[in-house]
């Protein structure tokens, strides 16, 4: 990644990463996060879900891991059902609340993994079910409550933040994201 380095008189350097939204300094270490194009969607009705899903699939591109953030009842599972329908899943899509992960197959023979991490007590439980193997498989993984397994997130992912508005509509803010990376002097 291109960068410029500017030294200060107190021997702390700041790495200014171009096209980033954050830069943190520590004596000889620099953390940067890549800034991405955001997609904003607002919808009122479940009838709009196929279009919402299509827009998100276009925005998410080939990123296989999608992290779904939002309060209980905001519609994360409903959105995943719509995404799976657009992707060609013919079986029943439902929240894997107790199984933690469901596997679906598309008509094209591709696997899709749907996680609901709400009931996980800690990240060790995610490791115990082999979550990292799914997340790094290259297949699509839709993850509800991803903050429960933050240590397992891949370097790049598609982040979706869902909120309910006072009028009952839903808003989605989505963007490709990357974990901050470490660069040393």
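The values are calculated or read from the model by the stated rules, or taken from the named source; none is laboratory data. Fair warning: this is a prediction, and the values are worked out from it, not measured in the lab. Every residue, glycine among them, receives a Cβ derived from its backbone with ideal geometry; neighbour counts consider all protein chains shown.
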Could you tell me whether residue 79 is in contact (Cβ under 8 Å) with a residue 60 or more places away in the chain, touching a helix residue (DSSP H, G or I) at 6+ places or on another chain (Cβ under 8 Å) and either surrounded by 15 or more Cβ atoms within 10 Å (Cβ to Cβ) or within 22 Å of residue 145 (Cβ to Cβ) (or both)?
-> yes
Quick one: in the stretch 39-50, which of the residues that are part of a helix (DSSP H, G or I) and touching a residue at least 24 places away in the same chain (Cβ under 8 Å) is surrounded by the most Cβ atoms within 10 Å (Cβ to Cβ)?
-> 49
Residues (in a helix (DSSP H, G or I) and either surrounded by fewer than 20 Cβ atoms within 10 Å (Cβ to Cβ) or on the phi > 0 side of the Ramachandran plot (or both)) located in the stretch 149-169 | 150, 151, 152
Which of the residues spanning the stretch 96-131 are in a strand (DSSP E or B) and surrounded by 14 or more Cβ atoms within 10 Å (Cβ to Cβ)?
-> 101, 102, 104, 106, 111, 112, 113, 114, 115, 116
Just checking, which of 93, 34, 143 is surrounded by 17 or more Cβ atoms within 10 Å (Cβ to Cβ) and either at positive phi or modelled with pLDDT under 95 (or both)?
-> 34
Does residue 141 fit the bill of being out of contact with any helix residue (DSSP H, G or I) (no Cβ under 8 Å at 6 or more places or on another chain) and either assigned to a helix (DSSP H, G or I) or in contact (Cβ under 8 Å) with a residue 24 or more places away in the chain (or both)?
-> no
Filtering the stretch 51-77 for residues that are touching a strand residue (DSSP E or B) at 6+ places or on another chain (Cβ under 9 Å) and in a helix (DSSP H, G or I) leaves a count of 9
Go through (1) modelled with pLDDT of 95 or more; (2) in contact with a strand residue (DSSP E or B) (Cβ under 7 Å, 6 or more places away or on another chain); (3) over 25 Å from residue 170 (Cβ atoms); (4) surrounded by fewer than 18 Cβ atoms within 10 Å (Cβ to Cβ) one by one and return the number of the condition residue 134 breaks.
-> (4)
